[in-house]
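See below for the structure under consideration.
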Amino acid sequence: MRNGLMLLRACSFWSAAFGFIRHTPIYATSWGTASQLGASMKNGDETESSLRILALHGSEGRADSLQTLLEGYLRHVNREITTIQAPFSKGSGYAWWQLKPGERSFTATTYPGYEESATLVTQTLHKNEFDVVFGHSQGAILLVAMLAEDRLASSSMRRFILNGVSWPNPFSEQLFSSVPPTSLDEDSKNLEFLQIIGAQDRINPPEQAVQVEEALKRRGCKTNQLHYPGGHSIPSDERIWNLVADWLACKSLSPVLFVEPESVS
């Protein structure tokens, strides 16, 4: 396997903002050549082309840490992974918006800093061609909020993976709308989402993901759910990532999938 890592832009300045530290985003891209085809695609010349994945970390996450995880879990997929670091410092990592202590994304009435983060992701999607966007926790919530504002339907991106998502409360009115704007009807119907849901998630409980699922269906999106017996972290079970690879390869899957606990002999 060949791996490369390229920092496209490093931090150049720091300043205080709403009690958080703001920084210029870091972009990182890595390439991997799989030992198996996995979800790789063939172009007109019958040569392998990488699956281009944009990944968004969760609250207090880091771009490089997420990239390392995904490189390992998708090692059998011919992929090119790009990660973005969120604009606001939080704890040992970074966040896409700023919440008050004890406030949750599914209870907050506003997301201070959301606009900057959404603009960053939108610009990245428009400047680059991606096949899939992966979001974990707050990164997944960010994608659903952008869907509510029709920022996803207007891009060329069609497929999304949401891991550990919750309801983006400030965007409830838009998401409860039964249909998207007429001009975006067909675009919204072409969007595909795979939700990865941990049955023991105590940070963003599974019922939050169910609520998101209902909103996606109201907007005409194609959805799949992958349930597993874990918590809020990105799962490490190889069985889960085999199913993710099948989804990436556009294989026909059941709308709802369950990965059972591994038996102990």
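Any idea how many residues of the range 81-138 are aliphatic (A, V, I, L, M) and without any contact (Cβ under 8 Å) to a residue 60 or more places away in the chain?
Within the range 81-138, residues that are aliphatic (A, V, I, L, M) and without any contact (Cβ under 8 Å) to a residue 60 or more places away in the chain number 4.
Among the residues of the range 196-210, are any out of contact with any strand residue (DSSP E or B) (no Cβ under 7 Å at 6 or more places or on another chain), among the aliphatic types (A, V, I, L, M) and either in a helix (DSSP H, G or I) or under 19 Å from residue 139 (Cβ atoms) (or both)?
Yes, the range 196-210 has at least one match.
Scan the range 136-161 for residues that are within 14 Å of the chain's Cα centre (by Cα) and among the basic types (Lys, Arg) and jot them down.
If the condition is that a residue be within 14 Å of the chain's Cα centre (by Cα) and among the basic types (Lys, Arg), then 158, 159 are the ones that fit.
Listed here are the residues, each with its yes/no results for (1) modelled with pLDDT under 95; (2) more than 27 Å from residue 218 (Cα to Cα).
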position	(1), (2)
53	no, no
62	no, yes
99	yes, yes
102	yes, yes
114	no, no
141	no, no
145	no, no
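Every residue in the range 160-205 that is at pLDDT below 65 and aliphatic (A, V, I, L, M), please.
If the condition is that a residue be at pLDDT below 65 and aliphatic (A, V, I, L, M), then 179, 184 are the ones that fit.
Considering only the range 53-72, how many residues are over 18 Å from residue 87 (Cβ atoms) and under 10 Å from the mean Cα position of the chain (by Cα)?
Of the residues in that region, 1 qualify.
May I ask you to say which residue of 15, 89 is in a strand (DSSP E or B), at pLDDT 55 or above, more than 21 Å from residue 245 (Cβ to Cβ) and over 18 Å from the mean Cα position of the chain (by Cα)?
On inspection, the qualifying residue turns out to be 89.
The values are calculated or read from the model by the stated rules, or taken from the named source; none is laboratory data. Every value quoted in this text rests on a predicted model; they were computed, and no experiment measured them. For neighbour counting, all protein chains shown are included, and Cβ atoms are generated from backbone atoms with ideal geometry for every residue, glycine included.
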